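All remarks here apply to the structure that follows.
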Amino acid sequence: MSISFNPMPTTGFSGGFVLSTDGYVQGTFLDDPAIRYQLEGGIISADEDSPIWGGLPLALALPAVGVNAQGSIASIAGSLAEINAWCLFNQAAGGIITPSSNVPLYTAGMSVNFARAGCGLRIVLPVASTTILNDLIGAAPNVDLYWDPSALCLTTTSAANYGPLPVSLEALSATSKIVSYSSPNANWNTSGPAAVVRI
C-alpha cells in the first residue's frame, strides 16, 4: 500500500518573521543582577501636559505631605540640572496604546517607572542619526553626549542641547526599536540607531 503525499503550501505574511534579533529597545535597562533593584516608581505631575514614555529624562520632586503618594512626582526634565532620572518601560503597566499610537504612553496622574541618575544601570537611549552613531564607533566611554530636547534623543553637539550628560557610553546599535514621536502619537521605529549608556 502506498501513501500519497501532497505537501501543503505554506506562506508567511509580511512582517511575520523576524529577520534579525540584533538591537535594543529604547527605554529599557539591561539586566544586571548587582543593581537591578534600582528601578523605582512614581507619579507623573498633574502639571505635565506632554505624554511620557521610556527613554526620556525626568525631573523628580517630593510629593506633598499627607497625600499618600507612592514615590516621587515626575515630569519631563527642562534642563541638564533637572535630570534626576530616566523613564523606563521595565515592569511598567497601564500605558495607553491606541491603533494610531503603539508605544505605551503615560500622562498626568499615571504611575511611571524610572532609574535615578548615578545608579549605575545600563539603559537604552535613541541616537539622533546613523551618521552620529557611526561617528561614535571607536569612541571612548567618556565621550561627551548631549540630550536634544526637541528631537528627544542623544547627540554629540552642544548647541541648544542638555549636557554633557553624566553617562558612560557602553554599546551601539543601528537596528534598535526606538520611539518616533509626532504629537500626539508615538510609534515604534524598529530599525533605529540607539546607544546603551550607563547612568
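The values are calculated or read from the model by the stated rules, or taken from the named source; none is laboratory data. Everything numeric in this text was worked out from a predicted model, so none of it was measured. Backbone-built Cβ (ideal geometry, glycine too); neighbour counts: all protein chains shown.
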Taking region 102-143 as the region of interest, how many residues are under 15 Å from the mean Cα position of the chain (by Cα) and part of a strand (DSSP E or B)? 16
What is the residue count in region 163-192 for residues that are over 17 Å from Leu152 (Cβ atoms) and either touching a Pro at 6+ places or on another chain (Cβ under 7 Å) or not β-branched (Val, Ile, Thr) (or both)? 10
It is to be established whether one or more residues within region 140-148 are surrounded by 13 or more Cβ atoms within 10 Å (Cβ to Cβ) and hydroxyl-bearing (Ser, Thr, Tyr). yes
Restricting attention to region 72-104, the residues that are aliphatic (A, V, I, L, M) and crowded, with 17+ Cβ neighbours inside 10 Å number exactly 9
Among the residues in region 111-125, are any touching a Pro at 6+ places or on another chain (Cβ under 9 Å), of a type in the set (Val, Ile, Thr), crowded, with 18+ Cβ neighbours inside 10 Å and modelled with pLDDT of 95 or more? no
Which ranges mark the strands (runs of 3 or more DSSP E) fully within region 144-190 that have 3 or more residues being out of contact with any Cys (no Cβ under 8 Å at 6 or more places or on another chain)? 153-155, 168-182
Would region 55-71 turn up any residue that is modelled with pLDDT of 95 or more, surrounded by 15 or more Cβ atoms within 10 Å (Cβ to Cβ), closer than 19 Å to Gly192 by Cβ and in contact with a Leu (Cβ under 7 Å, 6 or more places away or on another chain)? yes
Kindly check whether there is at least one residue in region 62-71 that is touching a strand residue (DSSP E or B) at 6+ places or on another chain (Cβ under 7 Å), small (Gly, Ala, Ser) and touching a residue at least 60 places away in the same chain (Cβ under 8 Å). no
Return yes when Val196 is assigned to a strand (DSSP E or B) and crowded, with 21+ Cβ neighbours inside 10 Å and no when it is not. no
